[in-house]
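Beneath this line is the structure, given in structure tokens, with notes to follow.
The values are calculated or read from the model by the stated rules, or taken from the named source; none is laboratory data. As the structure is a computational prediction, the values presented were derived from the model and not from experiment. Here the Cβ is made from the backbone with ideal geometry for all residues, glycine too, and neighbour counts use every protein chain on show.
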Amino acid sequence: MSIFEYNGSAVVAMVGKNCFAIASDRRLGVQLQTIATDFQRVFKVHDKLYVGLSGLATDAQTLYQRLVFRHKLYQLREERDMKPETFASLVSALLYEKRFGPYFCQPIIAGLGDNNEPFICTMDCIGAKELAKDFVVSGTASESLYGACESMYKPNMEPEELFETVSQALMASVDRDCLSGWGGYVLIVTPTEVQERVVKGRMD
Amino acid sequence: MTGSMDLPAKGGFSFELCRRNDMLEKKGLKLPGFRKTGTTIVGLVFQDGVVLGADTRATEGPIVADKNCEKIHFMAPNIYCCGAGTAADTEAVTDMVSSQLQLHRYATGRESRVVTALTLLKSHLFRYQGHVSAALVLGGVDCTGPHLHTVYPHGSTDTLPFATMGSGSLAAMSVFESKYKEGLTREEGIQLVAEAICAGIFNDLGSGSNVDVCVITKGKTEYLRNHQLPNPRTYVSSKGYSFTKGQTEVLSTKITQLKQTAEVAEGGDAMEE
């Protein structure tokens with residue numbers, strides 16, 4: 001079994017019109033046993049920047065704490081929030097530093113940059129950035145997520161439609177993966193508000 | 001240091017987690033695969049300079065992770081480098097050498113030379129004995145003329161008039177070996193490079209998507225991103241999926257308004273003493 005399949009996870013981010021969505025499943029397992037059904041994988045860095053961490057849960061939490069620490073230092077020095085592009089470079093550098101003993105995490109970074117332009121990117125566990133203009137996926141359900149997002153994605157979706165699309169893509173994909181699921185947590189971020197929803201899914 | 005205070009590190013690799021990862025591996029958990037750039041990368045020297053080419057597919061095992069990634073990295077205004085191998089390694093090593101070259105330009109006040117980039121790359125890769133898995137095609141034009149080199153992950157280099165690297169290198173090299181001649185013009189050079197990359201795209205499973213080309217001549221560099229798109233997506237449904245609002249079952253909703261930035265109105269009365 002691969003280290004990434006120890007806890008099981010599914011995270012996806014999608015770009016809409018002046019907004020973005022980031023969603024994850026809620027299962028925390030130890031191989032085939034489910035331990036929790038309310039595990040948080042998407043974390044807030046600042047109001048307009050979120051990071052979703054799939055892979056080994058302990059590394060996800062440690063990496064999140066380190067990133068928040070670095071961002072707070074940045075806020076103290078620069079007196080402003082980090083731009084998503086800068087944050088992506090920071091995450092990439094932190095991960096590459098551990099090139100020969102990596103964190104077993106695949107981060108997804110989603111934020112609103114200058115002029116509230118949505119920005120999403122993902123990386124592998126040693127920091128190889130992949131910027132995308134439509135959607136990014138990671139986790140044990142990533143292959144199903146690629147397929148679902150590839151078919152369901154449309155450019156320039158409004159927040160309501162984006163929410164429906166992301167939720168349906170996530171739920172369809174985790175239903176084909178034993179290690180992720182047990183509900184979904186979807187965040188839609190627009191320049192004026194943040195909508196957090198817990199989506200009902202199959203609990204198996 | 002036992003990791004008590006996570007101050008930003010001074011640079012270089014950190015081996016803190018190696019012991020834990022070894023322990024996990026002994027317990028039977030396989031280490032993950034890294035994203036590779038399966039790749040076809042090529043370069044050739046033509047009469048006025050150098051043309052570099054690359055495909056745009058990034059793979060994670062058998063899955064295509066990125067259909068349009070950039071494999072031609074900037075090193076200096078007159079030097080570009082194509083990278084194959086582990087994606088994080090090629091990006092990190094080219095970024096690092098690019099910064100070192102810039103500092104060197106500030107210190108010397110001169111345009112960077114290709115051999116400088118070459119030496120910096122090969123010494124770094126040799127130091128890590130091939131564990132930094134980056135195979136590069138480095139090309140540029142400096143005061144001594146056009147240069148094209150290949151750099152292997154263990155640190156060896158070759159200087160060549162035409163070169164290919166990556167999993168699609170054999171397909172691309174077959175095109176070069178049949179059609180390359182000295183003194184090509186710019187159009188012929190670009191045409192030949194595009195043909196070689198297409199050979200890699202269509203015959204090698206690790207390469208795909210589009211063709212990126214970079215033409216470097218004395219005093220001018222042109223980066224033709226997506227010069228050719230031989231694999232357009234033609235199967236998209238025109239209607240797409242549409243979901244009605246409220247189709248997804250929601251258990252709970254929480255909407256937070258973000259702080260609105262307050263506009264400070266200028267031109268009020270000045271405060272009294």
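Remarks
- Residue in segment B:209-216 that is exposed (fewer than 14 other Cβ atoms within 10 Å of the Cβ), at negative phi and not aromatic (Phe, Trp, Tyr) present: no
- Identity of the residue in segment A:50-85, aromatic (Phe, Trp, Tyr) and closer than 22 Å to A:GLN106 by Cβ, that ends up nearest to the chain's Cα centre (by Cα): A:TYR50
- Candidate set from segment A:24-49 (those that are part of a strand (DSSP E or B) and within 11 Å of chain B (Cβ to nearest Cβ)); member that is nearest to the chain's Cα centre (by Cα): A:LYS44
- Once segment B:16-31 is narrowed to residues that are at the interface with another protein chain (Cβ under 8 Å from one of its Cβ atoms), outside any helix (DSSP H, G or I) and charged (D, E, K, R), the residue that is farthest from A:TYR103 (Cα to Cα) is B:LYS30.
- Every residue from segment B:151-189 that is among the hydrophobic types (A, V, I, L, M, F, W, C) and either touching a Phe, Trp or Tyr at 6+ places or on another chain (Cβ under 6 Å) or surrounded by 21 or more Cβ atoms within 10 Å (Cβ to Cβ) (or both): B:VAL151, B:PHE162, B:ALA163, B:MET165, B:ALA171, B:ALA172, B:VAL175, B:PHE176, B:LEU184
- Output for segment A:168-184, where each listed residue is more than 7 Å from chain B (Cβ to nearest Cβ) and surrounded by fewer than 24 Cβ atoms within 10 Å (Cβ to Cβ): A:MET171, A:ALA172, A:ASP175, A:ARG176, A:ASP177, A:CYS178, A:LEU179, A:TRP182, A:GLY183
- Selection status of B:SER237, over 30 Å from B:TYR80 (Cα atoms), at pLDDT 85 or above, within 14 Å of another protein chain (Cβ to nearest Cβ) and not in a helix (DSSP H, G or I): no
- Looking across segment A:146-190, the residues that are of a type outside the set (Val, Ile, Thr), within 16 Å of A:VAL42 (Cβ to Cβ) and not in a helix (DSSP H, G or I) come down to A:SER180, A:GLY181, A:TRP182, A:GLY183, A:GLY184, A:TYR185, A:LEU187.
- No other residue among B:ILE255, B:ILE216 is within 9 Å of chain A (Cβ to nearest Cβ) and at pLDDT 90 or above apart from B:ILE255.
- Extreme residue, surrounded by the most Cβ atoms within 10 Å (Cβ to Cβ), among residues of segment A:103-133 that are assigned to a strand (DSSP E or B) and away from chain B (no Cβ under 12 Å): A:PRO107
- Test result for B:ASP89, assigned to a helix (DSSP H, G or I) and surrounded by fewer than 20 Cβ atoms within 10 Å (Cβ to Cβ): no
- Candidate set: segment A:148-167, residues that are among the small types (Gly, Ala, Ser) and touching a residue at least 12 places away in the same chain (Cβ under 8 Å); chosen: the one farthest from the other protein chains (Cβ to nearest Cβ): A:ALA148
- Test: residue in segment B:56-63 that is within 14 Å of another protein chain (Cβ to nearest Cβ), out of contact with any Pro (no Cβ under 8 Å at 6 or more places or on another chain), of a type in the set (Val, Ile, Thr) and free of Cβ contacts under 8 Å to residues at least 24 places away in the same chain: yes
So that you can scan it fast, the table gives a plain yes or no per residue for (1) modelled with pLDDT of 95 or more; (2) of a type in the set (Ser, Thr, Tyr); (3) at positive phi:
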residue	(1), (2), (3)
B:LEU103	yes, no, no
B:LEU138	yes, no, no
B:HIS149	yes, no, no
B:SER156	yes, yes, no
B:ALA163	yes, no, no
B:GLY166	no, no, yes
B:SER169	no, yes, no
B:VAL175	yes, no, no
B:LYS181	no, no, no
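- Listed conditions (1) at pLDDT 95 or above; (2) within 11 Å of chain B (Cβ to nearest Cβ) are all met by A:LEU53, apart from (2).
- With respect to the stated conditions, A:VAL194 is within 10 Å of another protein chain (Cβ to nearest Cβ), touching a strand residue (DSSP E or B) at 6+ places or on another chain (Cβ under 6 Å) and surrounded by 15 or more Cβ atoms within 10 Å (Cβ to Cβ).
- Selection count where residues are without any contact (Cβ under 8 Å) to a residue 40 or more places away in the chain and within 28 Å of B:ILE197 (Cα to Cα), scope segment B:125-143: 3
- Of the listed requirements (1) within 14 Å of another protein chain (Cβ to nearest Cβ); (2) of a type in the set (A, V, I, L, M); (3) crowded, with 24+ Cβ neighbours inside 10 Å; (4) in a strand (DSSP E or B), B:MET75 misses just one: (1).
- The set of residues in segment A:100-131 being more than 22 Å from B:VAL64 (Cα to Cα) and in contact with a strand residue (DSSP E or B) (Cβ under 9 Å, 6 or more places away or on another chain) consists of A:TYR103, A:GLY111, A:LEU112, A:GLY113, A:PRO118.
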